[in-house]
1. Evaluated at 10 °C with a viscosity of 1.306 mPa s, what Stokes-Einstein diffusion coefficient in µm²/s does segment 159-257 have when Rh comes from the Kirkwood expression over alpha-carbon pairs?
2. With both bridge residues required to lie in segment 133-223, what share of the DSSP beta bridges run antiparallel, to the nearest 5%?
3. Taking only protein heavy atoms into account and a 1.4 Å probe, give the accessible area per residue of segment 55-200 in Å².
4. How large a share of the accessible area of segment 145-250, in percent, is made up of carbon and sulfur atoms when the probe is 1.4 Å and the other protein chains stay in place?
5. In µm²/s, what is D for segment 210-296 at 4 °C and 1.567 mPa s, where D = kT/(6 pi eta Rh) by Stokes-Einstein and Rh is the Kirkwood radius from Cα pairs?
6. Bin all alpha-carbon pair distances of segment 98-202 at 10 Å intervals from 0 and give each bin's fraction as a whole percent.
7. How long are the three semi-axes of the equivalent ellipsoid of segment 218-261, in whole Å, if each is the root of 5 times an eigenvalue of the C-alpha gyration tensor, listed from largest down?
8. For a quick check: with amide H placed at 1.01 Å from N, whose amide H comes under 5 Å from Tyr193's, ignoring anything fewer than 5 positions away on the same chain?
Amino acid sequence: MRLTGVPIFTSITARASFEGAEEPGGRGHVPDREKSSPADVPPAVLQREDLLFSVEILRNVTDTFKRATYVPAPDDVQKFFQVISFMLDVENREKWEDAQQVSPGSVVLMRVVEDFIHLMGDAQKAFQSSLIITDNLMLTVQREPVSAVSSDLNFPMKGRRGMKDWARSSEDKLFIPKEVFTLTSSESDETSYFVIGAVLYRTLGFILPPPKSPLVISSKVLTVTVRPPPKDTDATVAVELSSLLNGTSNHKCVTLEYWNTEDADYWDTEGCQTLPSPWLHTKCLCSRMSTFAVLGQRPRAQ
């Protein structure tokens with residue numbers, strides 16, 4: 001594949017912008033009617049095939065940027081996450097459920113987002129940070145020197161301009177002590193900076209493959225990604241997630257191991273301690289950075 005034009009996100013230009021891209025099902029030719037951006041498709045028309053096709057486009061775009069060492073412009077970045085936000089809208093919930101009978105598309109989408117975050121971070125200057133907020137996600141990306149991570153990380157940052165109402169009123173919290181950001185001596189010699197990303201997904205919990213019944217995802221989903229990965233320390237990551245579903249019980253902090261492609265059960269209860277909390281919030285202390293959520297048990301049918 002090769003870049004055929006810089007304004008690649010003008011329409012996310014599906015296969016028309018890349019040579020040799022294949023459909024998720026392995027077919028090479030793409031009819032003209034399919035050469036469109038996810039953003040060009042009205043929500044009522046978006047179907048299972050559109051979702052999986054769009055995930056594949058976004059993955060191809062990200063991989064191509066990485067290979068070409070292309071730095072996406074701010075407008076490209078905004079359009080990228082607006083498309084993802086559109087795809088994660090709750091109106092598409094049933095279509096995601098249908099799509100995931102074929103492929104775990106929402107899990108693949110999370111991998112694409114993580115890769116794109118690090119593409120952004122690699123292009124930033126030291127101590128620079130970016131904040132992006134859409135209707136369905138909020139993320140921050142920052143680049144910190146390995147030798148001197150300047151401060152503890154708190155997310156989300158309240159009081160920033162341009163925040164959507166849902167983000168401004170969010171009671172979900174993340175705290176990472178700066179002591180977490182340490183490398184082995186050999187790794188410190190090989191890299192000069194960390195790229196740190198945090199994403200709060202407003203609606204992803206309704207779209208991800210569900211845990212085994214009677215458990216449900218009862219909170220927003222929070223992803224923390226750091227490259228290069230810090231070495232293990234005694235410092236812990238503090239996460240607080242508010243409840244989205246009424247009537248659930250036995251809340252437990254979990255991590256989503258979505259890089260695990262061999263096991264359909266992505267949820268892991270190890271690595272996080274669930275602290276006593278009011279039912280509206282669940283507090284977690286976690287030994288590693290990952291994707292965090294809270295699982296709850298559905299109320300029994302009367």
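1. Once the numbers are plugged in, D ends up at 99 µm²/s.
2. For segment 133-223, the DSSP antiparallel bridge percentage is about 100.
3. In whole numbers, segment 55-200 has 45 Å² accessible per residue.
4. 48
5. 96
6. Spelled out bin by bin, segment 98-202 gives 13, 38, 33, 13, 3 percent.
7. So the three semi-axes of segment 218-261 are 25, 14, 10 Å.
8. Val146
The values are calculated or read from the model by the stated rules, or taken from the named source; none is laboratory data. Computed from a prediction, not measured in an experiment: that's the story for all the values here. In case anyone asks, the SASA skips ligands and DNA or RNA and just uses the protein heavy atoms, side chains included. Shrake-Rupley method; radii C 1.70, N 1.55, O 1.52, S 1.80 Å.
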